[in-house]
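Undergrad: There's a structure below that I have some questions on.
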Amino acid sequence: MRAVAQERERNRERSRERHGPKAPGGDAPGGGCLAAPVRWVVLILVLPVRAVWDVLVAALKGLGKGLLWLAERLVARPAGGPERS
């Protein structure tokens, strides 16, 4: 068991030599400088566009079903087409 622990410690030391010390939280120093602006862009632009898109898709699905029902009632039945219940 000691040999395994010593090997792990040696691997950690090698990693520190190659990559340098880690910043608190595990991120590289200065690595999160774009995180805040990207989050704001997503919040201000992408989220509302996605919400409007979802509402539009739902409305068009409902409109399509309504138009299909109306076409069946006004065109298919008077023309002697198949009757659905």
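Laboratory data are not the source of any read-out in this text; all were calculated from the coordinates shown. None of these values were measured; they are calculated from a predicted model.
Undergrad: State the extension gain, in nm to one decimal, for the chain segment bounded by Ala58 and Glu9, taking 0.36 nm per residue of separation less the distance between their alpha-carbons.
TA: Going from the current span to full extension adds 11.9 nm.
Undergrad: Taking 0.36 nm per intervening residue step and subtracting the Cα-Cα distance, what contour gain separates Val49 from Glu72 on full extension?
TA: Gain on stretching Val49 to Glu72: 4.8 nm.
Undergrad: Related question: Quantify how much of the Cα-Cα distance distribution of the range 33-79 extends past 13 Å, in percent.
TA: Result for the distance tail: 68 percent.
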